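Just below is one structure, and these are the notes that go with it.
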Amino acid sequence: EESQAATVLSLFPQLKSLELKDLPHLSGFCSNSQNKVIEFPFLKSMTIYNCPILEGFICRYTSEGNQRISSHGDLFDNKVAFPSLEEMSVSYLSKMKMLWRNPLPANSFPKLQELRVERCDKLLTIFPSNTLTTFQRLHRLTIKTCGSLQQVFEIMHEEKKPALPPTTQLKKLHIVGLPKLKYIWKNDPRVIFSFKNICAISVFDCPSLKNVFPASIAQDLPQLGYLDIFHCGVEEIVSKLEEGSDWEATVNFKFDRLCTLALSNLPKLKCFYPGKHIAKWPMLNKLEVVECGKMKIFGTQVNTNNGQLDSSIPPPLFLVEKIIPKLQHLTLDSDYIAMISDVSGGGTEPIDFRISFLERFYTLENLTISGNIKELFCTEGDTGKEEMYAGTLSTIRNLKLEGLYDLKDYLWKQDVQVGHILPKLETLEVHDCYNLISLGSSSALFQNLTTLDVSNCKTMKYLDTCLVFQGMAQLKKLMVRDCISMKEIVATEGDEATCDIIFSRLKSLELENLPRLKSFCSGNHTFGFPCLEELIVNGCLELEIFCKGVLTNPPLLQKVEYGKGNGHWCSDLNSTIQEMYSIKAGFQAIEYLVLSEFSRSIEIWKENIHGSIDFKKLKVLEVYGCNTMTYIFSVSMALDLSQLVDIKVKQCPMMKQIIKKGAEETEMDTLLLPMLKWITLESCSRLTSFCMGSITLRCSSLLKIVVDDCPKMYAMASTREQEDIEEVGREKTPFFNH
């Protein structure tokens, strides 16, 4: 004991927490010229952040004390110990190549439970060979944005094989943004080490990663409940067993507790496992597969031999004959719907979505559909089976439709009996469906609907008709956002008679960023909101009146909210909306703006544009039919456009520039539009340039420019007027000038 005490130097015996942050000149925490293990006996938490020249936690010197010993890029050498340390975070250390030197003393990190490593760009590995036994109590491991990291667990086969393989307590593994990561486990641990306690694994943005698990690890994950892989280069989830390890035999995978499996944006993915195998997923509750190359998700036993897949055929993830008993959430894109429905198409070709395959999922409650779908719930070929649809899909309560760019006009054809197919639908979400005019639903579909959420449907002019809304007896929450063409929520269809629409259970109504919205309903109908408690109206510059018919005042509503923490109320709802319109309430921090010749917004623009509207959050701007406007922004106004993503200018015959530098703006020499992606300029006969004046225009995110029917447009940015350029000659003026 005396000998051991002589070789250990205990520092800060009462210290429990240590933080080293933003220390640009720190090269080490302490120095030591003695050949002793430095111990921090009661330290439980340590954070090291942004210490760019830190070479090692301990600065070692020769016994004479006059020369520093190189740390070789190791943060912790083999003569430092933290016997009580439980949490450690290491980030922004640009010199560190290794976290710890191998081998480590036995008492160095015996209680470490949580490790976070981020932005250490020279780090090559997390756990070198022979160090895993030191970290058996590690529960949570997070690794983010380490540009050189190639492996997490380095396992060498020459390591000594114990009689009983030790088991790590690792439960959660989170890996993000490692561009050079090749392996999570380098080499198969086999009988060297066990990871059977892992509960959750998420791997994002690792383009060099070819697979996630060695086979022996995937075969022994009895606690795994969550697996999420996104935007990686993986070709298979599990790598094939090595030769000499029964590699030709059928491999069994039992994921007895896996509840969530999410695979998205994996363009190189071919299969789950490249050989013959059987996989069981008895507890799978949520399945998401989107943009995953050509991996087959559902297959049949036609291509199997006694349940064992033919190795000549890429094995599917699931067999359709074997029901997934607990599945409640399903997300598929059009490629997989095409495979499942056995129809041609997929990729860029739009397809029909047939519902028959969903009959196999008896517990499915949540369904998400995205991709190149031209018809939803196509009934072709299902004649005579229509009565089955109500029973088959009666479990679905939540339907999300997103990114269905090929759907035209309405969600589904009028002859599709959606109310029978989805009789218990409670939540409908429609997002990013750019070619819809309205939902086009039947009242039968919405009889049990409690939540309706519609956003970013660019061409949608109204939500639905009066008859449909009359059937929404259970609706509690209605949200309509970011629909730039929406003019009213409830439309009157043809000669539709005046009707009473009572939202008897509606508690929350949100109308946000609807720049063309003029009223909730323009028809002469009667509306009632007896339970309405929350009404949000924001970014609706043209909304002058709530509705033109009879409106029973909502008894529970105390204010109309606009913007964070802002609200307004007069004697009744219509008067409140009218007064908000007159005082320009909600015009600050607007995200979507439409300017046209006779719009309310153009009046405000002409009155005092910079004082009335804040551009700092503006994302989308449309300007059309403005016959007198010669430019839109001065440079000083454009400096606020840091969030602008999309700008369209159409049919403005007097427009000469979009952005113009004024004579008084002499000190401004650079204009940054960092988020701008799309520019569309059409039918502007006098337009000469996008930006005019002696200023540098930078658009680092720009993806697409459309210039159509603008005969005088000669440059994106120019310092000269049109008359000057005609004297010099257009052929000598480049459209883009670096």
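The values are calculated or read from the model by the stated rules, or taken from the named source; none is laboratory data. Because the structure is a prediction, the values reported are computed rather than measured. All Cβ positions, even for glycine, are placed from backbone atoms using ideal geometry, and neighbour counts span all protein chains on display.
Being crowded, with 19+ Cβ neighbours inside 10 Å and free of Cβ contacts under 8 Å to residues at least 60 places away in the same chain is the requirement here; does Tyr226 meet it?
no
Determine if the stretch 85-100 includes at least one residue that is over 37 Å from the mean Cα position of the chain (by Cα) and of a type outside the set (Lys, Arg).
Narrowing the stretch 85-100 to residues over 37 Å from the mean Cα position of the chain (by Cα): none.
The answer is no, given that none of the residues of the stretch 85-100 is over 37 Å from the mean Cα position of the chain (by Cα) and of a type outside the set (Lys, Arg).
Kindly evaluate Tyr49 against the criterion of being of a type in the set (Phe, Trp, Tyr) and either at pLDDT 85 or above or touching a His at 6+ places or on another chain (Cβ under 8 Å) (or both). For Tyr49, the condition - of a type in the set (Phe, Trp, Tyr) and either at pLDDT 85 or above or touching a His at 6+ places or on another chain (Cβ under 8 Å) (or both) - is met.
Candidates in the stretch 11-32 are the residues that are touching a Leu at 6+ places or on another chain (Cβ under 9 Å) and not in a loop (DSSP other than H, G, I, E, B); of these, the one that is surrounded by the fewest Cβ atoms within 10 Å (Cβ to Cβ) is Ser17.
Name the residues in the stretch 29-46 that are modelled with pLDDT under 85 and either within 15 Å of Asp74 (Cα to Cα) or not β-branched (Val, Ile, Thr) (or both), would you? Those that are modelled with pLDDT under 85 and either within 15 Å of Asp74 (Cα to Cα) or not β-branched (Val, Ile, Thr) (or both): Cys30, Ser31, Asn32, Ser33, Gln34, Asn35, Lys36. For the stretch 483-523, a residue qualifies if it is modelled with pLDDT under 90 and over 18 Å from Arg600 (Cβ atoms), and the qualifying residues are Ala491, Thr492, Glu493, Gly494, Asp495, Glu496, Ala497, Thr498, Cys499, Asp500, Ile501, Gly523.
Which one of these is touching a residue at least 24 places away in the same chain (Cβ under 8 Å) and touching a Cys at 6+ places or on another chain (Cβ under 9 Å): Leu556, Leu543, Leu551, Leu535?
On the way: Leu543 fails: touching a Cys at 6+ places or on another chain (Cβ under 9 Å); Leu551 fails: touching a Cys at 6+ places or on another chain (Cβ under 9 Å); Leu535 fails: touching a Cys at 6+ places or on another chain (Cβ under 9 Å).
Result of the check over Leu556, Leu543, Leu551, Leu535: Leu556.
In the stretch 145-172, the qualifying residues are those that are surrounded by fewer than 19 Cβ atoms within 10 Å (Cβ to Cβ) and closer than 19 Å to Trp100 by Cβ, and the one that is modelled with the lowest pLDDT is Glu159.
Residue pairs whose Cβ atoms lie under 6 Å apart, separated by 6 or more positions or on different chains, with the first residue in the stretch 498-521 and closer than 24 Å to Tyr592 by Cβ and the second of a type in the set (Asp, Glu) and modelled with pLDDT of 90 or more, are Ser508/Glu534; Asn513/Asp482; Ser519/Glu488; Cys521/Glu488.
For the stretch 476-585, which strands (runs of 3 or more DSSP E) that fit wholly inside it have 3 or more residues that are closer than 25 Å to Leu621 by Cβ and within 37 Å of the chain's Cα centre (by Cα)?
Numbers: elements: 477-481, 488-491, 500-502, 508-512, 519-521, 526-528, 534-538, 550-552.
Strands (runs of 3 or more DSSP E) meeting the threshold: 477-481, 508-512, 534-538.
Checking each residue in the stretch 666-683 for being out of contact with any strand residue (DSSP E or B) (no Cβ under 6 Å at 6 or more places or on another chain) and either part of a strand (DSSP E or B) or of a type in the set (D, E, K, R) (or both) picks out Glu667, Asp669, Lys677.
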